[in-house]
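Data first, discussion second: the structure below is written as structure tokens.
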Amino acid sequence: QSQLSQALNGLSDRAKEAKEFLVQLRNMVQQIQENSVEFEACLVAQCDALIDALNRRKAQLLSRVNKEHEHKLKVVRDQISHCTVKLRQTTGLMEYCLEVIKENDPSGFLQISDALIRRVHLTEDQWGKGTLTPRMTTDFDLNLDNAPLLQSIHQLDFVQMKVSSPVPAPPILQLEECCTHNNSATLSWKQPPLSTVQVEGYILELDDGNGGQFREVYVGKETMCTVDGLHFNSTYSARVKAFNKTGVSPYSKTLVLQTSEDTQSEEQTLPFPVPLERSQLRRMSPFSSTLNLQPSFPGRSYFELRSSAHQLSLHSSLQSLNSAGCNFETQGTPYSQLGKLTRCCLCIPVAWFSFDPASAHADIIFSNDNLTVTCNSYDDRVVLGKTGFSKGLHYWELSIDRYDNHPDPAFGVARIDVLKDAMLGKDDKAWAITEGGITKGATVGVLLDLTRRTLTFSINEDQQGPVAFENLEGLFFPAVSLNRNVQV
């Protein structure tokens, strides 16, 4: 009886533990049900957030398509209007000439025949190459790259982190490799030397140059980035952070960058020069169309390209128009839009640029420290200037050193991705002048007013009609197209 009693006591303990375990399991069933409802709600909310983001992006892309549609229609309608006026003038001249031919008075006919013949030839020349060619294509060069997003959607899955890895440490900005040049800024960073945490990428942020909010300008694995298209004479703040699957690191220390404002120097460093052998990742114009930047300096810039028999010099002066207490000295310009430029004794920053071999067509030939260009092809080829402009008033001149066999060079502005193997202005990424008074020795002036968003041209200081193009917005580079019969 004693042995059986002892055995029953042990079994009773087990039964008691089993009852407690059953209660625990029943509580787990209830908890699983509650957690399932909560998790499903969270999952639905996350997916709905993705759908909302996709719908917002869809609306943004549709807006871009509508803008492209309006731009194409405007270019075609402007060309229709221009061609209609020309055709009306030509038809009127033809009708008048036919009436003059019927004139029976020989002396009266001879008095006006020479003038009419010159006028007919001049009108025929105005219907030159490119006049009867559409300036705009009907195709929409917009291909939606949805493959990465579809792949990400297919790979969307649950990740269970058994052991949570730490987030990366804040990156360290390498001051000896950070610098500014004209309106570009180069930044370099690295992970702390003793850090062993895996990093998947970095996020570089800049403010708007006027003390505004920070915006992402680069996301990727590189540790050096050059940002183009910033404003001249502006102060930017930059910072960088690292990320991995666990999360995002704190920000690095904030670095203050000053774009060009020195009349004596082409490059400002912070405080050491950038090693030229280090390759740089370039991010073009983060603020060209997405940010509404406020002016950080009240002024205008005046660009002048002077020519001699052997060399060209290019300079720009940013001149304050409303600095109180300054003694101003005025100088005239050939443009009504400029009116009177004022020279201020306080601030005259200079922006230097030349033709850019890196972005030019392979047939372009450079000389004179990249200030003179020609071409080894009979077809039109495009070359851009090194500096892009997204704000302010800019004027520069180009001299025609050689002009043989009546070619059709074009002068104006273009975006960085303009077609390089066609005449400037053949696509929707360039705005140019291609006709009217261009000869050897001529000087072509280009006035880019990004305050009024207009483009105006002159030849030998004579303005070519009214404003040539309007509603310009974004980042624009000086641009020329030419063939082997032209040297600029």
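The values are calculated or read from the model by the stated rules, or taken from the named source; none is laboratory data. Only a predicted model underlies this, so the values are computations on that prediction, with no experimental measurement involved. Positions of Cβ are backbone-derived with ideal geometry, glycine not excepted, and every protein chain shown enters the neighbour counts. When the accessible area is computed, the model is the full protein with side chains, heavy atoms only, and any ligands, DNA or RNA have been set aside. Shrake-Rupley method; radii C 1.70, N 1.55, O 1.52, S 1.80 Å.
Data overview
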| quantity | calculated |
| --- | --- |
| Counted residues, the stretch 415-443 - those being under 15 Å from Asp141 (Cβ atoms) and open to solvent by less than 20 Å² (accessible area, probe 1.4 Å) | 2 |
| Criterion violated by Met136 - all others in (1) within 30 Å of Asn66 (Cα to Cα); (2) in contact with a Ser or Thr (Cβ under 8 Å, 6 or more places away or on another chain) satisfied | (2) |
| Yes/no for Lys440 being at negative phi and touching a residue at least 24 places away in the same chain (Cβ under 8 Å) | yes |
| Residue within the stretch 22-35 that is closer than 30 Å to Trp431 by Cα and either open to solvent by 80 Å² or more (accessible area, probe 1.4 Å) or under 34 Å from the mean Cα position of the chain (by Cα) (or both) present | no |
| Residue within the stretch 187-194 that is open to solvent by 10 Å² or more (accessible area, probe 1.4 Å), assigned to a strand (DSSP E or B) and over 17 Å from Leu255 (Cβ atoms) present | no |
| Subset of the stretch 163-186 (residues that are open to solvent by 40 Å² or more (accessible area, probe 1.4 Å) and small (Gly, Ala, Ser)) | Ser164, Ser165 |
| Those residues of the stretch 235-252 which are of a type in the set (Ser, Thr, Tyr) and more than 15 Å from Glu200 (Cα to Cα), in sequence order | Thr235, Tyr236, Ser237, Tyr251, Ser252 |
| All positions within the stretch 194-209 that are at pLDDT below 90 and within 19 Å of the chain's Cα centre (by Cα) | Asp208, Gly209 |
| Residue in the stretch 426-442 that is more than 19 Å from Arg381 (Cβ to Cβ) and outside any loop (DSSP other than H, G, I, E, B) present | no |
| Which numbered condition Pro478 fails, given (1) part of a strand (DSSP E or B); (2) open to solvent by 60 Å² or more (accessible area, probe 1.4 Å) | (2) |
| Residue in the stretch 446-453 that is assigned to a strand (DSSP E or B) and open to solvent by 10 Å² or more (accessible area, probe 1.4 Å) present | no |
| Selection count, the stretch 374-406, where residues are outside any strand (DSSP E or B) and open to solvent by 10 Å² or more (accessible area, probe 1.4 Å) | 13 |
| Residue count for the stretch 121-145, restricted to those that are open to solvent by less than 60 Å² (accessible area, probe 1.4 Å) and over 29 Å from the mean Cα position of the chain (by Cα) | 2 |
| Top-ranked residue of the stretch 466-475 - restricted to ones that are open to solvent by 40 Å² or more (accessible area, probe 1.4 Å) and in contact with a Phe, Trp or Tyr (Cβ under 8 Å, 6 or more places away or on another chain), ranked as modelled with the highest pLDDT | Phe469 |
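Residues checked against (1) loosely packed, with under 13 Cβ neighbours inside 10 Å; (2) β-branched (Val, Ile, Thr); (3) assigned by the TED database to the domain that holds Met423:
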{"position": "Glu70", "(1), (2), (3)": "yes, no, no"}
{"position": "Leu73", "(1), (2), (3)": "yes, no, no"}
{"position": "Cys83", "(1), (2), (3)": "no, no, no"}
{"position": "Leu87", "(1), (2), (3)": "yes, no, no"}
{"position": "Thr91", "(1), (2), (3)": "yes, yes, no"}
{"position": "Ser107", "(1), (2), (3)": "yes, no, no"}
{"position": "Gln111", "(1), (2), (3)": "yes, no, no"}
